[in-house]
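The values are calculated or read from the model by the stated rules, or taken from the named source; none is laboratory data. Keep in mind the model is a prediction, meaning the values are calculated, not measured. A quick note on method: Cβ atoms are made from the backbone with ideal geometry, for glycine too, and the neighbour counts reach across all protein chains shown. Heads up: the accessible areas ignore ligands, DNA and RNA and are worked out on the full protein's heavy atoms, side chains in. Shrake-Rupley method; radii C 1.70, N 1.55, O 1.52, S 1.80 Å.
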Amino acid sequence: MSVKDKVAIITGAASGIGKGIATAFVAAGAKVAIADLNLDGAIATAKELDPSGKTTMGVAMDVANEAQVDAGINEVAAKMGGIDILICNAGIQTVAPLDEFDFGQWKKLLSIHLDGAFLTTRASLRHMYKQGRGGAIVYMGSVHSKEASVLKAPYVTAKHGLIGLAKVVAKEGAKHGVRANVICPGFVRTPLVDKQIPEQAKSLGITEAEVIKNVMLKNTVDGEFTTVEDVAAATLFFASFESNALTGQSLIVSHGWFME
Ligand code: NAD
């Protein structure tokens, strides 16, 4: 089981977890397209991971924009020789209490996480079905795919929704050898989390150190952050598993914050 020479498109891969996954996939011999809203960041990451430019490429894409997703995924397929793996990772976070949540912010978050997952899935499946060589889709869920936290209504809603989408892809994709699974990380120190620490401190009326200790890592078994490398290793496992024995599943990588 290997991703060697497979073509993987990873959304939101110019930063944080997506960049870590891209690094692990390049090291494992995959051809990797770094798709991001931030084209300069995507190109810089592609160059950083393979200065020769032979096995990586950057591609601009707002995952919530139908035309950009279709064009971007078609471009990757044409340049790299199809699409074997989609890692649906792009995401944002916005925190506020429900009674104050701005409707525009609610819609924006759901659109990036859920419309983005749908659009990138649809565009990738069209290539995978036509190619007839199977495929793997991994969605970046969260412990918030299983559990709720205050201040995160649209995020928790969207992350729960990804599990439903993965199960449908597992059922529809089975006859084409396409598998779909979800990784559910705990807190990982990325720009997305660094931005939340002062926001949560303000909303909850506590210090930033208290947010880390008493909110983010409170229920872990050891008070540790999950790392980008931990999440990348779990993603690589799902993406390289080559039968329908492992499909429609979710795996929690969270230092025991949430146990099923
Ligand atoms: P990050 O902010 O470091 O990176 C997110 C990337 O997505 C950025 O490069 C950004 O430009 C890109 N992006 C944002 N909106 C986009 C759009 N509309 N189209 C294309 N690209 C877009 O965040 P991260 O922490 O690496 O998060 C990545 C994923 O992991 C998200 O889905 C997030 O919900 C999930 N996650 C993160 C954590 C954590 O603790 N960091 C935990 C669980 C799940």
Residue-ordered couplings for region 249-260, obtained by feeding phi - 60° into the Karplus form 6.51 cos²θ - 1.76 cosθ + 1.60 and rounding to whole Hz (Gly and Pro as x), are 10, 9, 10, 8, 10, 8, 6, x, 3, 10, 10, 8
Label model pair residue 44, residue 172: point-to-point distance (7 angstrom along the Cα→beta-carbon line) in nm is 3.7
Applied in sequence order to region 12-28, the curve 6.51 cos²θ - 1.76 cosθ + 1.60 (Karplus, θ = phi - 60°) yields integer Hz couplings, x standing for Gly and Pro, of x, 9, 7, 8, x, 5, x, 5, x, 5, 4, 4, 5, 5, 5, 4, 8
Unit-weight point scatterers at every alpha-carbon of the chain, Debye formula, q = 0.07, 0.14, 0.16 1/Å: log10 I(q)/I(0) is -0.22, -0.91, -1.18
Length gained if residue 193 through residue 66 is fully extended, taking 0.36 nm per residue and subtracting the Cα-Cα distance, is 43.0 nm
Simple spin-label estimate for residue 27/residue 4, 7 Å along Cα→Cβ, in nm, reads 1.7
In nanometres, the difference between 0.36 nm per residue of separation and the alpha-carbon distance of residue 246 and residue 54 is 66.0 nm
In nm, the gap between the two label points placed 7 Å beyond Cα toward Cβ at residue 122 and residue 98 is 3.0
Counting sequence-distant residues (5 or more places) and residues on other chains, those with an amide H built under 5 Å from that of residue 178 are 135
Of every hundred units of 1.4 Å-probe accessible area on the chain, the number belonging to carbon and sulfur atoms, as a percent, is 56
Contact order relative to length for region 21-128, counting C-alpha pairs under 8 Å separated by 6 or more residues, stands in percent at 24
Residue span residue 75 to residue 204: 0.36 nm per residue of separation minus Cα-Cα distance leaves a gain in nm of 41.9 nm
Expected vector for region 113-127, Karplus 3J(HN,Hα) from phi with 6.51, -1.76, 1.60 and θ = phi - 60°, integer Hz, x for Gly and Pro, equals 6, 9, 4, x, 5, 4, 5, 6, 5, 4, 5, 6, 4, 4, 6
As straight-line cross-link partners of residue 6, the qualifying aspartates and glutamates (C-alpha separation under 18 Å, not fewer than 8 residues apart within one chain) are 50, 75, 84, 242
Per-residue ellipticity at 222 nm attributable to helices in the chain (runs of n ≥ 4 DSSP H, -39500 (n - 2.57) apiece, nearest 500 deg cm²/dmol) works out to -13500 deg cm²/dmol
Contact order relative to length for the chain, counting C-alpha pairs under 8 Å separated by 6 or more residues, stands in percent at 20
Expressed per residue, the solvent accessible area of the chain in Å² (1.4 Å probe) is about 44
Going through 4/146; 47/159; 79/130; 79/107; 130/171 one by one, the pairs whose alpha carbons sit over 22 Å apart turn out to be 4/146; 47/159; 79/107
